[in-house]
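Written out below as structure tokens is the structure these notes cover.
The values are calculated or read from the model by the stated rules, or taken from the named source; none is laboratory data. What you see is a predicted model, and the numbers here were worked out from it, not measured in a lab. Cβ placement follows ideal geometry from the backbone for every residue including glycine, while neighbour counts extend to all protein chains displayed.
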């Protein structure tokens, strides 16, 4: 089993490069579109497909990693694992994408109750197209699980770099041609192009001989899409969908508070995503291979060191979050102020960020603990925690928004993160050494 430290170092470097690419993309968006209607339209259209493509990706990969392990060391066994995982992600991605595109009208109504009918119709079409973006990203889930189980983590750690970098490059090209009108439809095209690049990177990461064997009818089959793999994927999707609802609630309420709130929310999320990726994604990506191998072999020695890593990283993330909250105005001005991003946009974003950043510690802990319980197979517990997140968010919104408006909406972000961290930590402690499924 490989040590956590070198994997954590590699993931941190790659995630760091992804953060640079992501921030560059956000700065270009702020300069070009501010918090205007075109960016707000794209943010809403992108919300659900992107939540499924990114955070669901981490959830599903963690759920599939135990199935990526094989008792055979030869190429036939490796190819069989690759074939089963790739088929699983393709089927699941196609089903979810088709369902998402077919229900785009209802998603638009849910996300943008403050829009008129014309804007909602345009939003529906863009949502449908962006489920194609999701399908492309989802096709990499099985490959990521296959590679992660073998401690090949650079493709997963490069996701932010590829997606953010491709979109930033596209935006940079558009800035060279001032006559080009950038709108929500143009951003949709850039996102789909980024997903295509990501798929190409993951295909390239697997040796071509394994792809040839996986596609061959002569390869050994060991059960295909088993009911256990299907059940793990279904529960992971359900838990993720429920767990993501608080972010969608934020956006839906934002459309009713004031113009530009949805775009400001996403600029704030972009800032806290920087340390969130550094601490949460890097740690989870580094821990997964060892946790999966330890679970398969019955070795419990890694659990103690994992707890120490999670606690230490979450504390550091919490301290960083408090620092960001204290300097929210200066950070927003430094990153985004200028061009179409005016004083009103900066004020809204800074007010949101001052609250969002305060939740960074529990947000990181919650994310990593979620992956740990997935690898342990404690799927039903995750459904309970996800439901508790929604209940906490609903209660916080109904108590705070009528009284405090935008600040109340921002403060309500803390409730689900704190509740889920406490519940996940308790569940992780009670299920240590226990095998799920």
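Annotations
- Condition check for residue 379: buried (at least 19 other Cβ atoms within 10 Å of the Cβ), farther than 24 Å from residue 315 by Cβ and under 23 Å from the mean Cα position of the chain (by Cα): yes
- Qualifying positions in region 1-25 - under 30 Å from residue 106 (Cβ atoms) and modelled with pLDDT of 85 or more: 25
- Selection of first residues in region 151-172 that are without any contact (Cβ under 8 Å) to a residue 60 or more places away in the chain and of second residues that are not in a helix (DSSP H, G or I), restricted to Cβ pairs under 7 Å at least 6 apart or on distinct chains, gives an empty result.
For every residue, the table says whether it meets (1) in contact (Cβ under 8 Å) with a residue 24 or more places away in the chain; (2) crowded, with 20+ Cβ neighbours inside 10 Å; (3) touching a helix residue (DSSP H, G or I) at 6+ places or on another chain (Cβ under 7 Å); (4) farther than 21 Å from residue 59 by Cα.
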{"site": "363", "(1), (2), (3), (4)": "yes, yes, yes, no"}
{"site": "366", "(1), (2), (3), (4)": "yes, yes, yes, no"}
{"site": "373", "(1), (2), (3), (4)": "yes, yes, yes, no"}
{"site": "400", "(1), (2), (3), (4)": "no, no, yes, yes"}
{"site": "413", "(1), (2), (3), (4)": "yes, yes, yes, no"}
{"site": "431", "(1), (2), (3), (4)": "yes, no, yes, no"}
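- Leading residue by the ranking (surrounded by the most Cβ atoms within 10 Å (Cβ to Cβ)) among those in region 111-148 that are part of a loop (DSSP other than H, G, I, E, B) and modelled with pLDDT of 90 or more: 140
- Of the criteria (1) farther than 19 Å from residue 137 by Cα; (2) crowded, with 17+ Cβ neighbours inside 10 Å, which one residue 22 fails: (1)
- Condition met for residue 26 (in a helix (DSSP H, G or I), touching a residue at least 40 places away in the same chain (Cβ under 8 Å) and over 27 Å from residue 152 (Cβ atoms)): yes
- So residue 96, is it assigned to a helix (DSSP H, G or I) and within 23 Å of residue 59 (Cα to Cα): yes
- Looking only at region 415-429, and only at residues there that are at pLDDT below 90 and either over 25 Å from residue 318 (Cα atoms) or touching a helix residue (DSSP H, G or I) at 6+ places or on another chain (Cβ under 8 Å) (or both), the one that is surrounded by the fewest Cβ atoms within 10 Å (Cβ to Cβ): 425
- Filtering region 169-193 to residues that are out of contact with any helix residue (DSSP H, G or I) (no Cβ under 7 Å at 6 or more places or on another chain), at pLDDT 90 or above and either surrounded by 15 or more Cβ atoms within 10 Å (Cβ to Cβ) or more than 23 Å from residue 20 (Cα to Cα) (or both) leaves only 169.
- Restricting 266, 250 to those that are over 30 Å from residue 147 (Cα atoms), buried (at least 24 other Cβ atoms within 10 Å of the Cβ), modelled with pLDDT under 85 and out of contact with any strand residue (DSSP E or B) (no Cβ under 6 Å at 6 or more places or on another chain) reduces the list to 266.
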